[in-house]
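Take a look at the structure below.
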Amino acid sequence: MSEMWINMGPQHPMTHGLWNLRVRIDGETVLDVDPEMGYLHRGIEKISEDRHYNEVITLMDRTCYVAGLAWEHLYIIAAEKALRIQPPERADYLRMMCEEFQRIGSHLMWYAAFVQDIGLMSPFLYGMRDRDLVLDLFQSYTGARMTYEYMRVGGVRNDLPPGFTDQARKVLDWLVPRFKEYDQLCLGSDIFHKRCDHLGVLSASDCIRHGVTGPMLRSAGVKRDLRKNRPYSLYKEVDFDVAVADGADVTARYLVRMEEMRQSVRILRQVVDWLDAHPGPVMAETVPRWMGAPYAPVGREGYLLKRQYPKGVGFSSIEEPHGEAQAYVVNEGGEHPYRVKFRSPVFANLSAARTYLVGYHVADIPPIMGSVDVCVGECDR
Amino acid sequence: MSNVTLYSVSYLLSDTVLRAIGSVLPRPLSAWITNADLITGIAVLVFGALLLAASMLNTIVLIWWERKLLGRFMDRRGAMHVGYAGLLQNFADGFKLFRKTTVQPRDADSLGFYTGPTAYMVTSMILFGILPISSGWNSGVLPLSLLLALAVFSFAPLFIFVSAWSSNNKYSLMGGMRSAAQMIAYEVPLLLAVVAVVIVAGSFDLTTIVYEQQNYWFWGPLVVALVVFFAGMLAEMERIPFDLPEAEAELVEGWNTEYGGMLFAFFMLADYLRALVGSILVVLLFLGGWTLPTWVPAALTSFPLAGIVWFMVKTYIVFGVFVWIRASLPRVRTDQLLRVGWNRMIPLSLLSVFLAALLVTVKCLPVFGCVPSLGV
């Protein structure tokens, strides 16, 4: 066969979202790739400028469909810095719990999609089944399974329902043996190693050159995790290890994500224990009334009032399940943020596609892209 | 009841129906319609219709069986709502596909686009006229029935490639290429594994091969051949881990990407027909066909149509193993598949031929007993 371009996307089972990977192939060999993003661009940054600080949270859930709470967390930290509001300690722990559960949920979703890409059928449903337990937990305290709108500037919307921590411990106890099962299904299979070893190699220097972060960076042996390197929230209070692997290939990324889930379980056990032992307020008292206090609907006049608030900017960067996400919120004193800017890790990870795809086979594209863990929502914003 | 054969059943049906019609008709017409030649002719048609109905019904039940098994492997229940335990789900699906419009891509080649799936299904169905299901339940004594079955079985890559090429889609073309490469690569070890069986049984006739297994089923002494045959069948059926021609993740749906509605149903049906044939061949060649070992109590083998029942049980268990493999293994890559095919499977199949020759020379095995046809 002569060389030809094929479009893998925007409607293609490999993409797991709405983007297009143009591939130039010769027979089964990939000669060149050209990732095209932007099909899902919704202008979230611009829309944010017309919304109250708390209303932006709604958009954050829509930014990434598997990691909504992590993105809420990202935005909330930046917004609180811009508004100079300090959340109570319990709220911070609740947010950490949200983020870690979200990490498990997101990685389980990744696992399900990834094994589907290499043709494993049953683990796909195992991953989805176990993710459902995490979603059930979310539902029990946020009321939603995907669009949570749980965090607020100055705290979180509501405290946990009674009995939640026991339920959470039960889920964690269920999950830990499942991770072993996943490993048996994948790492125990020779075909898995045949398909994934030495595939999609992206060395540490290439990762840094392209701004690739998250599990992809750690799979190249770089021990960088913002929860450790630049602790935000109260991550310095909890004890955990950074998951690192050598190899920089698809298998290494698998190992890193699996280990991250185990570490998340470790963090969650500590956080849940803390939450049990320390009841308290979940909302800061200094939140201005027009921002919306917990449990009390905001009066109409609150929104209309042109309240002057000290100006400021806030920057945050968190270790989102896909990588390092960053947010920049400019507060010019109005009710709305003047400018909001997000940095999506997936955008950088995808943009480096040429580096880790060229030279492999067409059949290698799904496992490699699967190991990148694409979430187009947050990539295009 | 033990001497009921497929032909006697169809003759009985034809005879009864035609005589019933003849009894109400006026004399000259009645004499013509109850003519022995006509009854025999209609009996042949009934014979074909019975085979067709049985193969279709079995295929549909096979799909149900796969869905239920796969569901259980995946910690869910599979089809549940249409009919008892979802038994009628496939009829509903088939009816839905039947009603759908067939969309032909603008630049597709009509001739290939339509004849490809049709020929694929027809050749798959011809196989059922060749395979014996039980003693007497076949379409007559064909001395080379195994050879004929494998020859018809290997038509498939041609029709797949024709339909893929005429779809005018890059994914289809790649899927078609892969399919052709894969099927041709696995045809060779498959045939060599069959040669091992033929050497031991001393016949190309499937019925004879089954009766040669009265002392021991061939899977024991010919276990290498069984492994090769099983893997080769897996590749011929294009099931996971060898389903790369329709590798969903990269090729959308492979060679049948552009097919929808009834043409897609043709492909789907033919795939399962071939899966059924594959399982049947494993049972016939290695698992003693419709016979049971002699130590089994006679009550289990003497009830009416016992042969067919045991044959179906074995076939569905073998297919269950295929489903099990599908539920637990990832997909391999084309180059890996071809490398395994040419570098591992062919030497293995040659080894199995050698072992079979050795077995025939030795004539008797300590555990398994003797080869009956060699007169020891």
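The values are calculated or read from the model by the stated rules, or taken from the named source; none is laboratory data. Predicted model, so just to flag it, every value in this text is computed and none were measured. Note that we place each Cβ from the backbone using ideal geometry, even for glycine, and neighbour counts take in every protein chain shown.
Residues that are more than 14 Å from chain B (Cβ to nearest Cβ), crowded, with 24+ Cβ neighbours inside 10 Å and on the phi < 0 side of the Ramachandran plot, at least 3 per element: which helices (runs of 4 or more DSSP H) completely within segment A:326-381 meet that? Full working, then the answer.
On the way: elements: A:345-351, A:353-357, A:365-372, A:376-380.
Those helices (runs of 4 or more DSSP H) span A:345-351, A:376-380.
Are any residues in segment B:82-91 surrounded by 14 or more Cβ atoms within 10 Å (Cβ to Cβ) and not in a loop (DSSP other than H, G, I, E, B), and if so, which ones?
Listed by number, the residues that qualify are B:ALA85, B:GLY86, B:GLN89, B:ASN90.
Sort out for me the helices (runs of 4 or more DSSP H) sitting completely within segment A:173-219 that have 2 or more residues that are among the small types (Gly, Ala, Ser) and over 22 Å from the mean Cα position of the chain (by Cα).
Counting at least 2 such residues, we get no helices (runs of 4 or more DSSP H) at all.
Quick test of your reading of the structure: B:ALA151 fulfils all but one of (1) in contact with a helix residue (DSSP H, G or I) (Cβ under 6 Å, 6 or more places away or on another chain); (2) surrounded by fewer than 22 Cβ atoms within 10 Å (Cβ to Cβ); (3) in a helix (DSSP H, G or I). Name the failing condition by number.
Exception for B:ALA151: condition (1).
Quick grid of which residues meet (1) touching a helix residue (DSSP H, G or I) at 6+ places or on another chain (Cβ under 9 Å); (2) buried (at least 24 other Cβ atoms within 10 Å of the Cβ); (3) under 13 Å from A:SER316 (Cα atoms):
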site: A:GLU55; (1), (2), (3): yes, no, no
site: A:MET60; (1), (2), (3): yes, yes, no
site: A:TYR65; (1), (2), (3): yes, no, no
site: A:GLY68; (1), (2), (3): yes, yes, no
site: A:HIS73; (1), (2), (3): yes, yes, yes
site: A:ALA78; (1), (2), (3): no, yes, yes
site: A:PRO87; (1), (2), (3): yes, yes, no
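Give B:THR101, B:THR123 a once-over and let me know the one that is β-branched (Val, Ile, Thr), away from every other protein chain (no Cβ under 14 Å) and touching a Phe, Trp or Tyr at 6+ places or on another chain (Cβ under 8 Å).
B:THR123
Can you give me the number of residues within segment B:332-376 that are of a type in the set (S, T, N, Q) and either modelled with pLDDT of 85 or more or under 13 Å from B:VAL198 (Cα atoms) (or both)?
The total comes to 4.
Does B:ARG274 satisfy the criteria of being assigned to a loop (DSSP other than H, G, I, E, B) and buried (at least 21 other Cβ atoms within 10 Å of the Cβ)?
no
Do you know which residues across segment B:132-147 are more than 10 Å from B:THR5 (Cβ to Cβ) and either crowded, with 22+ Cβ neighbours inside 10 Å or of a type in the set (Gly, Ala, Ser) (or both)? So that I can check it myself, show each step before the final result.
Residues of segment B:132-147 that are more than 10 Å from B:THR5 (Cβ to Cβ), as a first pass: B:132-133, B:139-147.
Answer for segment B:132-147, where residues must be more than 10 Å from B:THR5 (Cβ to Cβ) and either crowded, with 22+ Cβ neighbours inside 10 Å or of a type in the set (Gly, Ala, Ser) (or both): B:PRO132, B:ILE133, B:SER139, B:GLY140, B:SER145, B:LEU146.
Within segment A:102-152, can you find the residues that are surrounded by 24 or more Cβ atoms within 10 Å (Cβ to Cβ) and free of Cβ contacts under 8 Å to residues at least 24 places away in the same chain?
Correct list: A:GLY119 only.
Those residues that are crowded, with 22+ Cβ neighbours inside 10 Å and free of Cβ contacts under 8 Å to residues at least 60 places away in the same chain, I need them from segment B:163-172; list them, please.
Within segment B:163-172, just B:SER166 meets the criteria.
Quick check: anything in segment B:242-262 in a helix (DSSP H, G or I), among the aliphatic types (A, V, I, L, M), in contact with a helix residue (DSSP H, G or I) (Cβ under 9 Å, 6 or more places away or on another chain) and over 23 Å from B:LEU70 (Cβ atoms)?
yes
So B:PRO132 ticks every box in (1) in a helix (DSSP H, G or I); (2) touching a Leu at 6+ places or on another chain (Cβ under 7 Å) but one. Which box is left unticked?
The number of the failed condition is (1).
Return the pair list, or none, for Cβ contacts closer than 6 Å from residues in segment B:49-74 that are in contact (Cβ under 8 Å) with a residue 60 or more places away in the chain and more than 23 Å from B:ILE308 (Cα to Cα) to residues that are part of a helix (DSSP H, G or I) and among the aliphatic types (A, V, I, L, M), at least 6 apart or on different chains.
Correct list of pairs: B:LEU70/B:VAL323; B:LEU70/B:ALA327; B:PHE73/B:ALA327; B:MET74/A:LEU125.
Among the residues of segment A:219-236, write down those that are under 17 Å from A:GLU89 (Cα atoms) and free of Cβ contacts under 8 Å to residues at least 12 places away in the same chain.
Hits for segment A:219-236 are A:PRO231, A:LYS236.
Where in segment B:168-241 are there helices (runs of 4 or more DSSP H), lying fully within it, with 2 or more residues that are within 14 Å of chain A (Cβ to nearest Cβ) and at negative phi?
Values: elements: B:170-201, B:206-212, B:223-237.
Passing ranges, in order: B:170-201, B:223-237.
Restricting attention to segment B:69-87, report how many residues are under 19 Å from B:PHE322 (Cβ atoms) and more than 14 Å from chain A (Cβ to nearest Cβ).
So the answer is 1.
Residue by residue, here is whether (1) over 22 Å from A:GLN326 (Cα atoms); (2) out of contact with any Cys (no Cβ under 6 Å at 6 or more places or on another chain); (3) not β-branched (Val, Ile, Thr) holds:
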{"residue": "A:GLN11", "(1), (2), (3)": "yes, yes, yes"}
{"residue": "A:MET14", "(1), (2), (3)": "yes, yes, yes"}
{"residue": "A:LEU21", "(1), (2), (3)": "yes, yes, yes"}
{"residue": "A:ARG24", "(1), (2), (3)": "yes, yes, yes"}
{"residue": "A:GLY38", "(1), (2), (3)": "no, yes, yes"}
{"residue": "A:ILE57", "(1), (2), (3)": "no, yes, no"}
{"residue": "A:ALA70", "(1), (2), (3)": "no, yes, yes"}
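Can you pull out every residue in segment B:309-327 that is aromatic (Phe, Trp, Tyr) and within 14 Å of chain A (Cβ to nearest Cβ)?
B:PHE322, B:TRP324
Only one of (1) crowded, with 17+ Cβ neighbours inside 10 Å; (2) outside any helix (DSSP H, G or I); (3) within 20 Å of the chain's Cα centre (by Cα) fails for B:GLN104. Which number is that?
The one condition B:GLN104 does not meet is (3).
So B:ALA79 passes all but one of these: (1) over 17 Å from the mean Cα position of the chain (by Cα); (2) assigned to a helix (DSSP H, G or I); (3) surrounded by 16 or more Cβ atoms within 10 Å (Cβ to Cβ). Which condition number does it fail?
Of the numbered conditions (1) over 17 Å from the mean Cα position of the chain (by Cα); (2) assigned to a helix (DSSP H, G or I); (3) surrounded by 16 or more Cβ atoms within 10 Å (Cβ to Cβ), the odd one out for B:ALA79 is (2).
Return yes when A:VAL33 is in contact with a Leu (Cβ under 6 Å, 6 or more places away or on another chain), within 14 Å of chain B (Cβ to nearest Cβ) and of a type in the set (Val, Ile, Thr) and no when it is not.
Spelling it out, A:VAL33 is indeed in contact with a Leu (Cβ under 6 Å, 6 or more places away or on another chain), within 14 Å of chain B (Cβ to nearest Cβ) and of a type in the set (Val, Ile, Thr).
Please work out which residue is farthest from A:PRO366 (Cα to Cα), limiting yourself to segment A:16-27 and to residues that are surrounded by 20 or more Cβ atoms within 10 Å (Cβ to Cβ) and within 11 Å of chain B (Cβ to nearest Cβ).
Among them, the one singled out is A:ILE25.
Take residues that are within 14 Å of chain B (Cβ to nearest Cβ) and tell me which of the helices (runs of 4 or more DSSP H) falling wholly in segment A:41-133 contain 2 or more.
Where helices (runs of 4 or more DSSP H) fall fully within segment A:41-133 and carry at least 2 residues being within 14 Å of chain B (Cβ to nearest Cβ), they are A:89-117.
With respect to B:ALA164, determine if the residue is in contact with a Gly (Cβ under 9 Å, 6 or more places away or on another chain), among the hydrophobic types (A, V, I, L, M, F, W, C) and part of a helix (DSSP H, G or I).
In short, yes.
Are any residues in segment B:277-295 in a helix (DSSP H, G or I) and among the aliphatic types (A, V, I, L, M), and if so, which ones?
Initially, segment B:277-295 is screened for residues in a helix (DSSP H, G or I), giving B:277-286.
Within segment B:277-295, B:VAL277, B:ILE280, B:LEU281, B:VAL282, B:VAL283, B:LEU284, B:LEU285 qualify.
Checking the structure you have, find out if any residue of segment A:154-172 is farther than 28 Å from A:THR63 by Cα and of a type in the set (Gly, Ala, Ser).
yes
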